[in-house]
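The values are calculated or read from the model by the stated rules, or taken from the named source; none is laboratory data. In this text, all values refer to a predicted model and were calculated from it rather than measured experimentally. Glycine gets a Cβ as well: all are built from the backbone with ideal geometry, and neighbour counts include every protein chain shown.
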């Protein structure tokens, strides 16, 4: 049994990772920011240790690490969607939450009475931005928005500080994750719930290609990263290497939900969000981890639609994506 600490423990990926770790018999600690929606982990109350504080509180963070003494830290906390502000305050807030929080976490972990064995932090394929696909780990990043740039800064900082740390820090760059419990602010659950409710929807950039990884595969990939004994500073893609068009994804969802195809409209075929092909190269994961995603998109969508169909009575489908998340309607990062 290992002691595991997950930041962003109430989030989509964090909650699934917590369940997987509990199922494996580990002791699981979750850091949950006050005010966060914790409905994803309410059923885990008896199985996990919750630490309710903001990661920007270095004092609380040090107390948490001293109490939990984690052997493995999964740093998943992130807030990828912010309205773009004229004064660039969104970028300033993002740098504070991505970079300053990372420095605080590394500092607290490095100086803890018992430092962890390893820290795994999640990045995103969004870091590669408009670089040539498929994205290899040594590809020069060309982020197209503040979120991608913030993650690149955090990734590079972690690598630069590695020689000063008593534990390795590994960055797992995730493809676009989907599955049960995901917020309808994101493309797939939004489109699924709209189709199930018989509501109209729009896929604005239908020919854009997106690497979509099922949540169980994403969690399995992260656990393989934790056990692989990689060198500190390693960057590794956790994706499928397969990038269907958003038109094809929409058609699969229409077929699985039984929706009227005329309810889904499509933007112009020659339009693009700016990243026409968002796809991971996966050879390094196969080589270093002995891992590859195993859930075909069609199978993952069957399971995802089944979950949202079962829970449809508990929630009203959104009439429109939040303004800060409209990019997700096309599957863009």
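Here are the numbers for the structure shown:
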| read-out | value |
| --- | --- |
| Checklist (1) out of contact with any strand residue (DSSP E or B) (no Cβ under 7 Å at 6 or more places or on another chain); (2) surrounded by fewer than 23 Cβ atoms within 10 Å (Cβ to Cβ); (3) touching a residue at least 24 places away in the same chain (Cβ under 8 Å); (4) not in a loop (DSSP other than H, G, I, E, B) applied to residue 192, failing item | (2) |
| Yes/no for residue 115 being within 15 Å of residue 148 (Cα to Cα), surrounded by 16 or more Cβ atoms within 10 Å (Cβ to Cβ) and touching a residue at least 12 places away in the same chain (Cβ under 8 Å) | no |
| Flag for residue 151 being at pLDDT below 95 and buried (at least 24 other Cβ atoms within 10 Å of the Cβ) | no |
| Some residue of segment 60-81 being within 23 Å of residue 182 (Cβ to Cβ), assigned by TED's automatic domain parsing to the domain that holds residue 224 and free of Cβ contacts under 8 Å to residues at least 24 places away in the same chain | yes |
| Subset tally (residues that are surrounded by fewer than 23 Cβ atoms within 10 Å (Cβ to Cβ) and under 12 Å from residue 301 (Cβ atoms)) for segment 177-189 | 1 |
| Segments classed as helices (runs of 4 or more DSSP H), wholly inside segment 1-105, with at least 3 members that are within 16 Å of the chain's Cα centre (by Cα) | 12-23 |
| Check on residue 76, farther than 26 Å from residue 214 by Cα, touching a helix residue (DSSP H, G or I) at 6+ places or on another chain (Cβ under 9 Å) and surrounded by 15 or more Cβ atoms within 10 Å (Cβ to Cβ) | no |
| Boolean, residue 148 is in contact with a strand residue (DSSP E or B) (Cβ under 6 Å, 6 or more places away or on another chain) and assigned to a helix (DSSP H, G or I) | yes |
| Selection count, segment 209-242, where residues are buried (at least 24 other Cβ atoms within 10 Å of the Cβ) and in a loop (DSSP other than H, G, I, E, B) | 3 |
| Residue within segment 41-49 that is touching a residue at least 40 places away in the same chain (Cβ under 8 Å) and assigned by TED's automatic domain parsing to the domain that holds residue 80 present | no |
| Segment 127-148 - residue that is surrounded by 23 or more Cβ atoms within 10 Å (Cβ to Cβ) and modelled with pLDDT of 95 or more and, of those, farthest from residue 63 (Cα to Cα) | 135 |
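To keep it simple, each residue is scored yes or no on (1) surrounded by 15 or more Cβ atoms within 10 Å (Cβ to Cβ); (2) modelled with pLDDT of 80 or more.
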site: 278; (1), (2): yes, yes
site: 284; (1), (2): yes, yes
site: 291; (1), (2): yes, yes
site: 294; (1), (2): no, yes
site: 306; (1), (2): no, yes
site: 312; (1), (2): no, no
site: 324; (1), (2): no, no
site: 327; (1), (2): yes, no
